[in-house]
Structures are given as structure tokens and as C-alpha cells.
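The values are calculated or read from the model by the stated rules, or taken from the named source; none is laboratory data. Keep in mind the model is a prediction, meaning the values are calculated, not measured. In this analysis, Cβ positions are derived from the backbone assuming ideal geometry, glycine residues included, and neighbour counts consider all displayed protein chains. Surface areas here come from the heavy atoms of the whole protein model, side chains and all, with no ligands, DNA or RNA. Shrake-Rupley method; radii C 1.70, N 1.55, O 1.52, S 1.80 Å.
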Amino acid sequence: MMARFEAEYLLETAWPLEKAAAVIAGEQSSGTFRPVPGETEELKARSAARVEALEDLGPCPGPSLPGAAEGPLRRARLVLSWPVANTGISLPNILATVAGNLFELNAVAGLRLTDLRFPAEFVAGCPRPAFGIDGTRALSGVVGRPLIGTIIKPSIGLSAAETAAMVDMLCSAGIDFIKDDELQADGAVCPFEDRVRAVMAVIRDHAERTGKKVMYAFNLTGEVDEMRARHDLVLREGGTCVMASANSVGLTGLLALRRHASLPIHLHRNGWGYLSRHPGLGFDYAAWSKLWRLAGADHMHVNGLANKFCETDESVIASAQSLLQPLAEPHPGIAMPVFASGQTALQAFGTWAALQRTDLIFAAGGGIMAHRDGPAAGVQSLRDAWEAAMAGLSLEQAARDSAALAAALRTYG
């Protein structure tokens, strides 16, 4: 049987559901708005998209998209499948198939891609995470708990020397992981090469003295040749992680980087809101993130509980759980979730209760740097919080035995 991949959607339409589904399937495979002579039954059997499921979910308000056909709207769960032979093992062409001209059709009043499913042979042909959870733990030396991380702040404006001084302070504080902000790449104030050399000198010095080598994710976002060269500099300087912005470099950029790289790739999702914020449009994280996992992302951001953005806690946990689900057996392609955005020691308890996993990076900026007793106490408060949460203690119970956590509760509570 010919291998097929599937896409699942939430559809809004004023058309009869079966007709709308058929139009979408035709538009995204062998059909067009009018039958053409070459569209034979044999060709359609070989290459046409197929409606695998169509579930009427009832009437809905709307429309979510302007310019759609008018009339009473209904919402439906729609599953389409395509032969892998249509695209080959090509993530850019998969994206064009499952999220291409569908959104422009006047039959569509709203459309959200909620999931993607691929056969094992397709998954096997993609790069997938080269390090993931196990490789990240091996390089960082952190086992049995989350990696405690932070972000260089101010986001941009620090020189290379000032960044290195902050890294020196954070290494002394016992941090596990540090990342550039997504705005900091290769500007004139803090050139990439200068920053890497200055920061890695500090990290190497701490590693030689303490035996602990902090993982730093350098933001190498740029054109493909730039990213390759920047990766190689980080590798030569002894770095253990690089970072790229998914929506800036695109799937082809990440694929090129992954095939070149011998370090973990920390993938930032900045711009995610324009792909997802309307509940009837765009992408669910589970679908979107699978493309980037297939392309080779080792770490992926999922926001955080009680975050500074608009996302609900339920959505954040669902995103993290989706990264921990196998893409296919025997090729799981698991990526490490990164919790960030307004995180402090206080959110550790809810995160553990909801996820019941420690395979994550817990990145706190102000949750470390703004701790009233300094960054070392900020790091300690996070470690104590996670240890207490995993032991089944409440925040209040844990704060009685941890001065750093008690101070965090007073600072952030």
C-alpha cells in the first residue's frame, strides 16, 4: 500500500461540509476549480488527496476569515491524507501541501491545522533531533531534574564584554543553561564572534575550576552560510549549543543547519502569535512543532505557566506534552520543551503537577536576576522549588526549609 501522511483541521464553512472538504482536497492535490482533461481517474487514484474523516461539530459564529462565502456557518473536524509520493521526503513541500492555498479558498471561513501524522518511513528520512533530551543531559551534566536556565537581559544593548561579565556571575550562581535573547544575533554593539569568544572564555574558566560546563545557546540566526560559519566558531571555542529563530530561518534554513551541525539546536518560536493567536486560524502547536522536530530541533519553546503572554496554562502543557510524544516508531524524534516567559520558582510546582516530567529546560530571567538576594539565590530557589515539587511538598511547606525559596515567594508571590 502506498504510504500516506495526514493533516487534521478545524474547518469553518458556509458550504455543505462534504462539498467544502472535497474542494479543499482537490485544491491541495490533483484538482483545480474546473475539471481539466489530464485529471483522469488513474491520476486521481495515484495522487489525489483523500477525505479520511469529516465530523460535523455544529454551528459556529464567525466567520474567522473575511471574504468567505456567506451563509450559516458550521464547524467540522476534517482529516485529509496524501500519498508521500506527491511530495517526497520534503518538509517545505509538505508545508505547501498542508498549509498552502487552503486558507484563501472562499469555501473556507476559518481553518486551523491541528495535527500532522507521518508514516515511519517518512520520519526516518528526515534529520530529526540529533541530541534531544539525552544528548542535552549528557552535555550539560544535569540528570534527574530540569535544567535551570536564564536569558541574557537586557535583551540587546550589552557589549560582548558586558555579556561575558553577566555570564561569569551566572556561572558562579550555579546556572545550568544560558541563552541569548532572540533579538541578539550579530549587531554592531555585540558582534557574534566577539560575544562567542568572550563568553566561552568565561565558561571554559569556570569548567576548569569547578568541573561544570554551563550550556550557552548562541543565537546564530542568519543566512545559511552565516549560520554554518557561526556554528563552527561556537564548536571551535568549546560551546555546546546554538540557537536559531524558526520563523526567521524557515524550514530550509533549519534543515541546512541541522545537516551541518554537530551541536544541539535550540529553536526559538518568536512570531508564534501570528500563526496561532486566533483560535479558528493558523496552527496548533502540536502540528507546527512536528515540522521543526522533523527538521532537527533539539529544544523548542512552549511558553510557561502564568506567563507574560496571552497563552493559557492548558495550552502550554499541551504543547510540552506534544514534544514528548513520538513522531513514529522506531523514530521518536523527541525534543526538549523549554519553559520560559515570566517564570519563577513559584511556577515549578504547577509545571511538575501538570507535566510529571523533568525533561525540560526551565528558563527564568527576572525569576533569577530579580531575586532579592541575588542571582545565586534565584538559581537556588528554582532548584529547591523543583526538588520540593517532585517530593510532593507544597510551595508553603518548601519555603519553610529554603531561605532562597521563601525570599522568592516574598518577591514574586
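Descriptive notes on the structure:
- Kirkwood Rh and Cα Rg combined as Rg over Rh, evaluated for the chain: 1.02
- In the stretch 273-361, the chymotrypsin sites (Phe, Trp or Tyr not before Pro) that fall in loop regions by DSSP, at most 14 other Cβ within 10 Å: PHE309
- Counting only Cβ charges, +1 for Lys and Arg and -1 for Asp and Glu, the dipole size of the stretch 172-275 around its Cα centre is about 380 debye.
- Close amide H pairs (under 5 Å, H built 1.01 Å from N) link LEU360 with LEU147, residues at least 5 positions away or on another chain.
- Helix axis angle, 224-236 relative to the chain longest principal axis, alpha carbon, degrees: 30
- For the chain, the Cβ-based charge dipole about the Cα centre amounts to some 360 debye (Lys, Arg positive; Asp, Glu negative; other atoms uncharged).
- For SER315, net neighbour charge (Lys/Arg +1, Asp/Glu -1) across residues whose Cβ lies under 15 Å away: -1
- Taking 19 Å as the straight-line reach from the Cα of LYS19, the lysines in range (excluding those fewer than 8 positions away in the same chain) are LYS44.
- Phi to ³J(HN,Hα) by Karplus 6.51 cos²θ - 1.76 cosθ + 1.60 over the stretch 168-185, Hz, x for Gly, Pro: 4, 4, 5, 4, 5, 6, x, 5, 9, 9, 9, 10, 5, 5, 5, 7, 9, 10
- Of LYS179/LYS213; LYS213/LYS290; LYS179/LYS212, pairs whose Cα-Cα distance is over 21 Å: LYS213/LYS290
- Taking a Cβ cut-off of under 12 Å around ALA76, the surrounding Lys, Arg, Asp and Glu residues balance to a net charge of 0, with basic ones at +1 and acidic ones at -1.
- Looking at the chain, the accessible area is 41 square angstrom per residue; that uses a 1.4 Å probe and ignores ligands, DNA and RNA.
- Listed residue (ALA173, ILE156, GLY222) projecting farthest to the positive dipole end of the stretch 156-224, Cβ model: ALA173
- Rg/Rh ratio calculated on Cα atoms of the stretch 115-246 (Kirkwood radius): 1.01
- Listed residue (ALA7, ASN106, ALA246) projecting farthest to the positive dipole end of the chain, Cβ model: ALA246
- Normalised by 2.2 N^0.38 Å, with N the number of residues, the alpha-carbon radius of gyration of the stretch 190-340 equals 1.11.
- Fraction of accessible area attributable to carbon and sulfur, the stretch 2-47 (%, probe 1.4 Å): 57
- Binning the alpha carbon pair distances of the stretch 1-149 at 10 angstrom intervals from zero yields the distribution 10, 33, 26, 16, 10, 4, 0, expressed in whole percent.
- Carbon/sulfur fraction of accessible area - the stretch 250-385, other protein chains in place, 1.4 Å, %: 55
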